[in-house]
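Undergrad: Here it is, the structure in full.
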Amino acid sequence: MPTSTKSRADLKSQSAAPVTALASRDRVDVPTVKRRARRRSAQGDAPVVRVVADEFVENRAILPPSGENPGGAPTRSETQITQGAQGRMTMRFVALDLGARKTTYCELSEGQVVQRATVSELESLQPLLGPDQPAAKVAIEACREAWFVHDLLVKWGNEVVLVDTTRSKQLGIGQHGRKTDRIDAETLARALEAGRIPRAHVLSPSRRELRRLLGVRRALVEARAQLVTTVRGLVREQGERIAGCNVENFVARVRAHRLPREILLLIEPLLVLLEGINPQIESIEEQLAVLCAQEPIIAVLTTTPGVGTVVAACFMSVVDEAKRFHSAHHVESYIGLVPSEDSSGGKRRVGAISKEGNCYLRAQLVQSAWTILRSSDKSDPLYLWATQLVARRGKRIAVIALARRLVGYCGRCGVTVQFTTPSI
């Protein structure tokens, strides 16, 4: 039987895979996006059908012509159509540098200064911060007119932040030896936007009235004391002396003293002023008594040894809301009756009292401490404690410590003055 033989070329051709023909180098007309769009627009609403490799057909979505809505569906919701878009306005951050003659305005938005202004009157700020303008967060430094400006801006619908001036250097005010109203206003605005403002307490209206009357009384008392000192000095220059007496009876004591005529002519204007000051002080004290009668806490504070109506009213006009303090020790620090400290490197250095806060209240408390120390009531526990401290540390240190303890007693015996930490 004849055997059929195949050549190696035939076997190689059968085992090898079929070879695809080379692609043509001619330009292929591939439809671009614009061309496809023109074709769809030319065909109208006819569906676009494309056959791929005779295997399946892909149906494309029918797109409506430009400018028309499919099926008359609205492009916006009914809420948007009736009410419109509800956008959220960016908070305005404004700082005011209040001055005696002019006020500097600086507004910041996202770290950039968007507006500056300088006005001579507060009413001129109404086009910028008035009730018709968007509400702003305004920073002002605590000063004489700060409370008035605070009330005015709040009335216009703004949020006011009162800056504690004792810590204004922490914000960068006065750095590098440059301090102007323009720079201070911008520095405050940047600190306000960053949330780094050390806030100061805003007194309630009743406490403000109390402090104003106390300020008038303080000015009159200091003027009377200065006049008495001047009269005594002029009399001593002529070799005469006036015996000690109460300041209310000083004018009567001088006139009863037989002084030479030339001395009487010299001090007569001062005596006339003294005679006019005493009735004014009495009138202020009557108004002060009326305000104190409306504050039940003041009557309770006066039960503390050495604390009278003036000291109690001064305490309330400074502390106002004691709940903002954590304890009585914080009130002592707020008034400036705690020792200053400069400790570092494992060494503790304690100095004199810090003397921060209201100096008038601190002076009144020290005078109350001296009154207790010189009291005739030797059985008073505060007197006994102070005398033991005098024996160990001396009178001056004992008086300051006693004044600091009075703050704790005033805080504990109050009705509305309640601390979260009652122990002192």
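The values are calculated or read from the model by the stated rules, or taken from the named source; none is laboratory data. Quick caveat: nothing in here was measured; it's all calculated off a predicted structure. Backbone-built Cβ (ideal geometry, glycine too); neighbour counts: all protein chains shown. Ligands, DNA and RNA are stripped out before the accessible areas are found, and what is left, the full protein with its side chains, is counted by its heavy atoms. Shrake-Rupley method; radii C 1.70, N 1.55, O 1.52, S 1.80 Å.
Undergrad: Given the options 368, 333, 327, 343, name the one that is of a type in the set (Ser, Thr, Tyr) and surrounded by fewer than 16 Cβ atoms within 10 Å (Cβ to Cβ).
TA: So the residue among 368, 333, 327, 343 that is of a type in the set (Ser, Thr, Tyr) and surrounded by fewer than 16 Cβ atoms within 10 Å (Cβ to Cβ) is 343.
Undergrad: Does segment 252-288 hold any residues that are in contact (Cβ under 8 Å) with a residue 24 or more places away in the chain and under 24 Å from residue 310 (Cα atoms), and which are they?
TA: Once the filter is applied, which keeps residues that are in contact (Cβ under 8 Å) with a residue 24 or more places away in the chain and under 24 Å from residue 310 (Cα atoms), segment 252-288 yields 273, 274, 275, 277, 278, 280, 281, 284, 285, 287, 288.
Undergrad: Can you pull out the residues in segment 128-154 that are charged (D, E, K, R) and open to solvent by 50 Å² or more (accessible area, probe 1.4 Å)?
TA: Those that are charged (D, E, K, R) and open to solvent by 50 Å² or more (accessible area, probe 1.4 Å): 132, 144, 145, 151.
Undergrad: Which ones in segment 224-242 are touching a residue at least 12 places away in the same chain (Cβ under 8 Å), open to solvent by 30 Å² or more (accessible area, probe 1.4 Å) and not in a helix (DSSP H, G or I)?
TA: Answer for segment 224-242, where residues must be touching a residue at least 12 places away in the same chain (Cβ under 8 Å), open to solvent by 30 Å² or more (accessible area, probe 1.4 Å) and not in a helix (DSSP H, G or I): 238, 240.
Undergrad: For the condition open to solvent by 70 Å² or more (accessible area, probe 1.4 Å), modelled with pLDDT under 95, part of a helix (DSSP H, G or I) and among the acidic types (Asp, Glu), what is the one hit in 193, 209?
TA: Being open to solvent by 70 Å² or more (accessible area, probe 1.4 Å), modelled with pLDDT under 95, part of a helix (DSSP H, G or I) and among the acidic types (Asp, Glu) holds for just one of 193, 209, which is 209.
Undergrad: Kindly list, by first and then second residue, each pair from a residue in segment 187-203 that is farther than 30 Å from residue 317 by Cβ to a residue that is in a helix (DSSP H, G or I) and open to solvent by less than 60 Å² (accessible area, probe 1.4 Å), limited to pairs with Cβ atoms under 6 Å and residues at least 6 apart or on different chains.
TA: Listed pairs, sorted by first residue: 187/171.
Undergrad: For the structure I just gave you, tell me whether residue 183 is outside any strand (DSSP E or B), in contact with a Ser or Thr (Cβ under 7 Å, 6 or more places away or on another chain) and among the hydrophobic types (A, V, I, L, M, F, W, C).
TA: No.
Undergrad: How do the pairs read when you match residues in segment 123-151 that are within 15 Å of residue 93 (Cα to Cα) with residues anywhere that are open to solvent by 50 Å² or more (accessible area, probe 1.4 Å) and assigned to a loop (DSSP other than H, G, I, E, B), using Cβ under 8 Å and keeping only pairs 6 or more apart or on different chains?
TA: 134/89; 136/91; 137/91
Undergrad: Further question: Mind listing just one residue for me: the one in segment 155-187 that is open to solvent by less than 70 Å² (accessible area, probe 1.4 Å) and modelled with pLDDT under 85 and, of those, farthest from the chain's Cα centre (by Cα)?
TA: Applying the filter and picking the extreme gives 174.
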